[in-house]
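Following: one structure in structure tokens, then a few remarks.
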Amino acid sequence: MSNRKSELETLRADLKARLSKYEAHQHRQGGALEKDFEEQAVQTQNDEVVDSLETETRNELAQIEHALERLAEGLGDECEGCGEDIDPRRLQVLPYTTVCVKCAED
């Protein structure tokens, strides 16, 4: 379990670093928009992509935080849906999951 906790903490740190980069981009810390209209259009499109990536990253980070809380409570390998143990192979692929395959499909 401590290996999984370590993996989740590493993922969390990675996602937080990514979020910082996305936020820096969104707040134009690299500079203002270009004066050229075509360049502005490209930058605006990039903003939409970065915004989508930021939302996805925040969602994944919330799942990781939830999984870490469950680990701290001693419930990390137990499915939130049915209470059965989550298959270790599933946890290896999705270390932040809190449901078994059966409950995820329902």
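The values are calculated or read from the model by the stated rules, or taken from the named source; none is laboratory data. Note that this is a predicted model, so its numbers are computed, not measured. Backbone-built Cβ (ideal geometry, glycine too); neighbour counts: all protein chains shown. Accessible surface is based on the protein model in full, side chains and every heavy atom, while ligands, DNA and RNA are left aside. Shrake-Rupley method; radii C 1.70, N 1.55, O 1.52, S 1.80 Å.
Table for the structure above
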{"read-out": "Subset of segment 47-60 (residues that are more than 17 Å from ALA24 (Cβ to Cβ) and in contact with a helix residue (DSSP H, G or I) (Cβ under 7 Å, 6 or more places away or on another chain))", "value": "GLU60"}
{"read-out": "Complete set of residues in segment 79-103 that are open to solvent by less than 70 Å² (accessible area, probe 1.4 Å) and without any contact (Cβ under 8 Å) to a residue 12 or more places away in the chain", "value": "GLY83, ARG90, LEU94"}
